[in-house]
1. List every residue pair whose Cβ atoms sit under 8 Å apart, with the two residues 6 or more apart in sequence or on different chains, where the first one lies in the stretch 366-381 and is without any contact (Cβ under 8 Å) to a residue 40 or more places away in the chain and the second, anywhere, is not in a loop (DSSP other than H, G, I, E, B).
2. Taking the stretch 428-463 as the region of interest, how many residues are closer than 28 Å to Gln393 by Cα and in a helix (DSSP H, G or I)?
3. Given the criterion out of contact with any Gly (no Cβ under 7 Å at 6 or more places or on another chain) and more than 25 Å from Asp172 (Cα to Cα), identify the matching residue among Leu529, Leu518.
4. From Thr366, Thr376, Thr361, which residue is among the polar types (S, T, N, Q) and either under 13 Å from Asn439 (Cβ atoms) or loosely packed, with under 12 Cβ neighbours inside 10 Å (or both)?
5. Give me a count of the residues in the stretch 334-358 that are part of a helix (DSSP H, G or I), exposed (fewer than 15 other Cβ atoms within 10 Å of the Cβ) and modelled with pLDDT under 65.
6. So is Met389 modelled with pLDDT under 90 and either among the hydrophobic types (A, V, I, L, M, F, W, C) or farther than 25 Å from Tyr84 by Cα (or both) or not?
7. Out of Leu100, Leu59, Leu108, Leu113, report the one residue that is modelled with pLDDT under 95 and either over 24 Å from Leu469 (Cβ atoms) or of a type outside the set (Gly, Ala, Ser) (or both).
8. Scan the stretch 224-247 and report the pairs whose first residue is over 18 Å from Cys507 (Cα atoms) and whose second residue is of a type in the set (S, T, N, Q) and surrounded by fewer than 18 Cβ atoms within 10 Å (Cβ to Cβ), with Cβ atoms within less than 8 Å and a gap of 6+ or a chain change.
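The values are calculated or read from the model by the stated rules, or taken from the named source; none is laboratory data. Note that the structure is predicted; figures quoted are calculated from it, not measured. Cβ atoms come from the backbone with ideal geometry, glycine included; neighbour counts cover every protein chain shown.
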Amino acid sequence: MKSLRQYEKIRSSITQNLYQQVDWKLFVFLSLLLDVKLWMKILALLFIYCLRFNFKFGLRWRKSRLPLFYIMVMGIAVLDWLLYGLYSNLSYGLVLVNGLFFWTFCLLAIHQLKLSVDRSSAVALRNTLLLFFIFNMVISLSNFLAIVIETGAWNPYLYQGLFQKYFISTGDYIKGLSFDTSTTNALINAFGVVFFLNNKKIALTLCCMVALILTASNLTNIILVIALTFSFLFQSDRDQKSTIVLCLGLIALFLVRVSPQNNEYVISAAKKMFTREAALNNLRPAINTTDTPTLEVRRIRFAIKYLDSARETWASDKLKGASINSWMKPVIPGPDINGKEYQSSMDTTPFQRKMINFANTHYKDTADYFKKMRTTRLPGKVIAMQETMRFLQNHPSRIFTGDGVGNFSSKLAFRATALNIGVKYPEEYSYIDPDFQNNHLRLYLFYFTQHKDVHSIIHTPDSEFNQLLGEYGLAGLISLLVFYLGWFTVYFRKTSCSAPLLVIMTCAFFTGYWFEQLSVVVFFELLMLLDMKFKGESIFATALKQEK
């Protein structure tokens, strides 16, 4: 009875703190900032700076309060603008302003995160994180439940109806609190798994693990496995090792039992990379389903329908004598999986038609290039890195400071094409640098004018390392390693979660333009700042001491 009363007292205290001791400024700021819409992110900054007007960044060469990385890349961007005479191009001027805006946004965001961490108590910060992950988990589960209701299948990862709208792509619709891509939700939950694991909160660790698994993000799963392996080997006790094994078991269970097609996809992609079999020999371009089928196609369809009809007729005849054969199970005809609604749509979308027209207009060798790309074994992301290295090799004057912001590899470069890749951009100010057009843009056009089966993150050219090398050169890459990642490593503690968090973020930098996304990096910075403040100690233990 005494232990029960203590439990109720603790539970009541935590519940009360969730309502009364939360850093609501930080919670609202995070919720708005992580939203996919740019205007919501701008609203987040306006909200926090109106409530807490402060521009004392504390930037200095030694013991800088914030990483100098953001200032340095902005300086490189302006330097390239002057060196390459880009100031005479009005359209590029708009691109430069956009680039500087995003880097400034990142600096303003981490400044406010630092203020929140420095000024809030451990109790308020703990409760804010709990509230955030609870909301994110509820919304993720709501996304999944909505899919279950729509499909009528408890496991939509195996449901092939609705033209395979879900099936292997089910995880793409689990977007969480940010309403951004499922990869964003997956990475945020991966951070949560590492953070709560370090704080020895097994239930919260597993909750984040389940939310992550629902996104079916194979690349994030691989990144998390790397981080958990690091934690298992170098900084975990017996209980944490058991939790890590359980997390890895959940991933394996999902791939084997819940979504085996994702497992097959990963194995197939690996085989195409490491065997002599051409990776895209069987790649089907998107086509319009209104095209008249050939004689061979009509024959195949007739044969399939005939066999299905014969099977159902045979089953019906068997059922007539079922009353005297008690051992025979009644045969209920299932859905016709050869029907149109169970096949992946092959329609060419308006977006694809626009890109096809663009490719035919701007490239003379589109057909030859596409034919060559269909025989490659490497994924598009690796090919993109090869293009970056080849470009720098052929343009040695660009090695140190790069090709200029928006000129080679960035979310901004894609946006400025006015092809509506990502968000809209005014067509009258569209800008495409030839270096971008002949490298990453053409690569993107190849994959995303094909069938949706290859519309995968492993084929997109976006990578933070590509962006920094291509547009900011070695100076930009060194700035990232020394004045960003290096700035955080100064505060490492043996028991902290900084190392596995850095492992996740560094691996994620290979998979997207995360600084321009203004979401994942922000959350990573918050958790790193918390770890720096509490010097590797558990925030939950510190909060409990303050409550007492």
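1. Thr366/Ala359; Thr366/Asn360
2. 15
3. Leu529
4. Thr361
5. Adding up the residues that qualify gives 2.
6. Judged against the criteria, Met389 is not a match.
7. Among Leu100, Leu59, Leu108, Leu113, only Leu59 is modelled with pLDDT under 95 and either over 24 Å from Leu469 (Cβ atoms) or of a type outside the set (Gly, Ala, Ser) (or both).
8. Gln235/Thr495
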